[in-house]
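Scroll down for the structure; my scribbles are underneath it.
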Amino acid sequence: MTKKYRRRMIVLGLVFLTVLPASFFLGRYSVSAGSLLRILSAPFHPAGLEGVTTEFSVIFRIRLPRVAAAALVGAALSTAGAAYQGMFRNPMVSPDILGASSGAGFGAALGIFLSFGYLGVTVSAFLFGLGAVLLAYSVSRFSRLEGTLSLVLAGVMISSLFTACTSFIKLIADAQDQLPAITYWLMGSLASAKLEDLPFVAAPVVIGLVPLFLLRWRVNVLTTEDDEAQSLGINTGRLRLTVIVCATMMTAASVAVSGMIAWVGLVIPHFCRLMFGFDYRRLIPASILMGAAFLVVVDNVARVAATSEIPLGILTSFIGAPVFVYLILTGGEARA
Amino acid sequence: MLEVENLSVSYGAGDVLRDVSFSAAAGERLSVLGPNGVGKSTLFKCMLGLLKARAGHVRIDGKDIRDMKRPDAAKLIAYIPQSTSPAFNYTVLDTVLMGVASQLPAFRGPCGAHYDKAMDILKSLGIAHLSDRGCGKISGGERQLTLLARTLIQDAHILVMDEPTANLDYGNRFRVMERVEALGSKGYTVVFSTHEPNHALSYSTAVLALKDGAVLAWGDPAAVLTEDTLSSLYGIGVSVGRLEAAGKEHLVSIPYHRPAPAAVEREV
C-alpha cells in the first residue's frame, strides 16, 4: 500500500525534475544543450559568457522567470485548492471560493485603470485578493449560520461584488489601450513575468506553503464535521484560520502575477487523490509537484504552440473542462 | 467520573435545557431518552465542552470541561457521531488514526506505533480486514465500528455516542449495542442517546429521560422506564412486559395506539 504510493511519488518527482530543465530548451529561439552547459559553467570558464550572451539572456531573463513563475503558481493554486477542499469538506471547491481571485482581478483592473505600472498592478491585485477574503471572513464571523456554510455564502457574495466592480472598471476604462490590457490580464498569462518580480511571488507562495505542508496531517481531521474534529482535540477555529490565511496568500499571489488561471486548483487535487489517496500527508506534496509540472507544461504550450501567445487561462480551461466532465461521468472516484 | 450539575442552555430566547443534573461513574452505561428536539444533542455538546452553558457545570473527575484546552478534553471524553457518509473516502485505517490527533504535536502525523495500535483495535472489533477499504464503501454498521475504533485509540475513558444505532439494520444494531455493553464492562463510561427504549432496557445500567428540556427521570432502567414514564415521554401508549428468551429474562416495551386527549394535542 504505502510502497505503491512511494513509487508513484518518486515517478511524479522525476517528471517534475525532467519538465523543469526541459522547458529551458523550448521556445522560438533555440538553445542547444552545449550552450546551456557553457552558460552554467561560465563562472569557471576562462572565456566567461563570451559567445553565449544571447543564449544567456534568453534563458535567464526570459525563460527562467517564466518557468519559475509557472511552477510557483501551479504549485500554489493546486495546494490552495486541495486545502480549501478539505476545509470545506467538498471536493468541488476551487481556490477562488472565498473571493481571492475576483478580488485580485479587481485589484489588477483598478491598477491598470490608474496606470500603476506592472509592479503596482501586481501589488494592487495581491492586496485586493487578500482584502476580499478578509471581507468574506469577517462577514461570516458575524453570521448566525453554521461556520463553513456562512463562509461559502459570504465568499460567493464578495466574489460577485468584485466581479461587478471589475466590469464597472472595464466600462469606464479607456477602450484603446486600458480595456484590452485588462481583458488580456484577466485571461491569464505569464508572458510578462520578469526576474525582478520573482521574489514578490515566491515569498507569499513559500510563506503559505510551509505551514500547510507542516500541518498537512491535521488537515485530514478538519475534513470531519466540526463537532467531531473538536472532540478529537483539534482547535478547529485556529486551524481553519491558518488554512484560510495560507491558501489565500498563495492564491492572491498567483493571481497577481499570472491573472485568472482556471481549473488548476480544482482538477490537480482531484488527480492527486486518484493517484495518492486522500491522506493529506501525500496529497499536499503531490499537489505541489503535479501542479507545478502541469502549469509549466501548459505554459510551454502557451508560448510555443502558436505564433502569438495563447492566454494560459484559455488553455487550462480547454484541458480542465473535459477532464472535469470525465471526473463527473466516472464519479470522480476511480479508486479500486 | 462525569458530573453534570444544574445545566441550563439557551439559544437566544427560552431555555433548550433546564436545570439538568446527573452523573455517571466508570463502567456505567447511561442511555439518554427523549423525543426528537428535546435537547439531547445540545446536552452532548455541553458535555464535550463544545457549547457554553447559560448556567451550571460539566465536570470530569472534578474539573470543569470549559476550563480545559481542546487536546486535554479529548484525552478524557470522546465523541462518536451518528454514522453518516463522509465527505472524503478515507480508508478505515486512516479514519481510525485521526483519533491520535490530541496526542501529537501540530506538525506531526501518526507513526509506526500508532499504526500497530490502530490495527490491534480494529482486530479486537473484528474489522481488521476492512483497514484498507474506503469508509464510504463499507456498511453503516462497519462505519460505526470504525468511529468506535477511532475513539478507542483516542484513549478517553468517557464515550459519548449520538444514536449509535441510527440508520443501522436489525443485525448491525445488535452488534453495535453488544460492543457498547462490552465497553462498559472494560471500565469505560458510555453515554448514548437512543430512540429505542428496548436498547435502554437491555444495554444500559442507568437511564436519563428528558422531557421539554428537563430531567423527567434518572436512575435504574427498570425503575425509570415504566409504562407511565414512556407514555408521558412519547405521547403514545406503551406496555412494558417480561419476556424469556435465550435463557434470560428481558424487560421489553411495546407501543400501542392510545387515543390522544384531543383538546390538548391540537393546541400544540
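Can you tell me which residue among A:209, A:190, A:145, A:151 is in a helix (DSSP H, G or I) and at pLDDT below 95?
Exactly one residue qualifies, and that residue is A:151.
Go through (1) assigned to a loop (DSSP other than H, G, I, E, B); (2) without any contact (Cβ under 8 Å) to a residue 60 or more places away in the chain; (3) over 30 Å from residue A:136 (Cα atoms) one by one and return the number of the condition residue A:309 breaks.
(2)
Looking at region B:37-51, which of the residues that are assigned to a loop (DSSP other than H, G, I, E, B) and in contact with a strand residue (DSSP E or B) (Cβ under 8 Å, 6 or more places away or on another chain) is farthest from the other protein chains (Cβ to nearest Cβ)?
Ranking the qualifying residues of region B:37-51, first place goes to B:38.
In region B:212-255, which residues are part of a helix (DSSP H, G or I), touching a residue at least 60 places away in the same chain (Cβ under 8 Å) and not aliphatic (A, V, I, L, M)?
B:221, B:234
I need a count of the residues in region B:143-163 that are within 13 Å of the chain's Cα centre (by Cα), facing another protein chain (nearest Cβ under 10 Å) and farther than 14 Å from residue B:91 by Cα.
3
May I ask you to say which residue of B:120, B:132 is assigned to a helix (DSSP H, G or I) and surrounded by fewer than 20 Cβ atoms within 10 Å (Cβ to Cβ)?
B:120
If you go through region B:142-182, how many residues are more than 17 Å from residue B:123 (Cβ to Cβ) and either in contact with a Gly (Cβ under 9 Å, 6 or more places away or on another chain) or part of a loop (DSSP other than H, G, I, E, B) (or both)?
Qualifying residue count, region B:142-182: 17.
How many residues are closer than 30 Å to residue A:114 by Cβ, of a type in the set (S, T, N, Q) and touching a helix residue (DSSP H, G or I) at 6+ places or on another chain (Cβ under 6 Å) if we restrict to region A:130-176?
Selection size over region A:130-176: 3.
With respect to residue A:106, determine if the residue is assigned to a helix (DSSP H, G or I) and more than 13 Å from the chain's Cα centre (by Cα).
Considered against the rule, which asks whether it is assigned to a helix (DSSP H, G or I) and more than 13 Å from the chain's Cα centre (by Cα), residue A:106 comes out as yes.
Within region A:261-275, how many residues turn out to be over 18 Å from residue A:325 (Cβ atoms) and either within 11 Å of another protein chain (Cβ to nearest Cβ) or buried (at least 22 other Cβ atoms within 10 Å of the Cβ) (or both)?
The qualifying residues number 2.
If a residue counts only when it is in contact (Cβ under 8 Å) with a residue 40 or more places away in the chain, which helices (runs of 4 or more DSSP H) contained entirely in region A:216-289 have at least 2 such residues?
Filter on region A:216-289 gives A:216-222, A:236-258, A:264-276.
Give just the number: which of (1) buried (at least 22 other Cβ atoms within 10 Å of the Cβ); (2) more than 14 Å from chain B (Cβ to nearest Cβ) does residue A:183 not satisfy?
Residue A:183 satisfies all of (1) buried (at least 22 other Cβ atoms within 10 Å of the Cβ); (2) more than 14 Å from chain B (Cβ to nearest Cβ) except (1).
Is it fair to say residue A:301 is in a helix (DSSP H, G or I) and under 14 Å from the mean Cα position of the chain (by Cα)?
Judged against the criteria, residue A:301 is not a match.
Considering only residues that are at the interface with chain A (Cβ under 7 Å from one of its Cβ atoms), surrounded by fewer than 21 Cβ atoms within 10 Å (Cβ to Cβ) and closer than 15 Å to residue A:221 by Cβ, which ones fall in region B:71-90?
Scanning region B:71-90 gives B:71, B:81, B:87.
For a quick check of your reading of the model, give me the residue pairs whose first member lies in region A:1-17 and is within 14 Å of chain B (Cβ to nearest Cβ), whose second is in a helix (DSSP H, G or I), with beta-carbon atoms closer than 8 Å and at least 6 apart or on different chains.
Correct list of pairs: A:5/A:276; A:5/A:282.
Which residue, of B:168, B:122, is outside the structural domain of residue B:1 (by TED's automatic domain parsing), in contact with a Ser or Thr (Cβ under 9 Å, 6 or more places away or on another chain) and more than 21 Å from residue A:222 (Cα to Cα)?
When all the criteria are applied, what remains is B:122.
Condition first: surrounded by fewer than 21 Cβ atoms within 10 Å (Cβ to Cβ), within 22 Å of residue B:201 (Cα to Cα), in contact with a strand residue (DSSP E or B) (Cβ under 9 Å, 6 or more places away or on another chain) and not hydroxyl-bearing (Ser, Thr, Tyr). Can you find one or more residues in region B:12-24 that meet it?
Yes, region B:12-24 contains at least one residue that is surrounded by fewer than 21 Cβ atoms within 10 Å (Cβ to Cβ), within 22 Å of residue B:201 (Cα to Cα), in contact with a strand residue (DSSP E or B) (Cβ under 9 Å, 6 or more places away or on another chain) and not hydroxyl-bearing (Ser, Thr, Tyr).
Of the conditions (1) modelled with pLDDT under 90; (2) over 13 Å from residue A:253 (Cβ atoms); (3) β-branched (Val, Ile, Thr), residue A:67 fails just one. Which one is it?
The failed condition is (1).
Can you pull out the residues in region A:12-33 that are assigned to a loop (DSSP other than H, G, I, E, B) and of a type in the set (Phe, Trp, Tyr)?
A:29
Results for (1) within 14 Å of chain B (Cβ to nearest Cβ); (2) buried (at least 16 other Cβ atoms within 10 Å of the Cβ); (3) more than 30 Å from residue B:148 (Cα to Cα), shown as yes or no for each residue.
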{"position": "A:175", "(1), (2), (3)": "no, no, yes"}
{"position": "A:188", "(1), (2), (3)": "no, yes, yes"}
{"position": "A:194", "(1), (2), (3)": "no, no, yes"}
{"position": "A:197", "(1), (2), (3)": "no, yes, yes"}
{"position": "A:203", "(1), (2), (3)": "no, no, yes"}
{"position": "A:212", "(1), (2), (3)": "yes, yes, no"}
{"position": "A:222", "(1), (2), (3)": "yes, yes, no"}
{"position": "A:229", "(1), (2), (3)": "yes, yes, no"}
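Go through (1) surrounded by fewer than 21 Cβ atoms within 10 Å (Cβ to Cβ); (2) modelled with pLDDT under 90; (3) within 14 Å of chain A (Cβ to nearest Cβ); (4) not in a helix (DSSP H, G or I) for residue B:109 and report which single condition fails.
If we test residue B:109 against (1) surrounded by fewer than 21 Cβ atoms within 10 Å (Cβ to Cβ); (2) modelled with pLDDT under 90; (3) within 14 Å of chain A (Cβ to nearest Cβ); (4) not in a helix (DSSP H, G or I), just (2) comes out false.
The values are calculated or read from the model by the stated rules, or taken from the named source; none is laboratory data. Because the structure is predicted, anything quoted here is derived from the model rather than measured. Because the Cβ atoms are built from the backbone with ideal geometry, glycine has one as well, and the counts that use them run over all protein chains shown.
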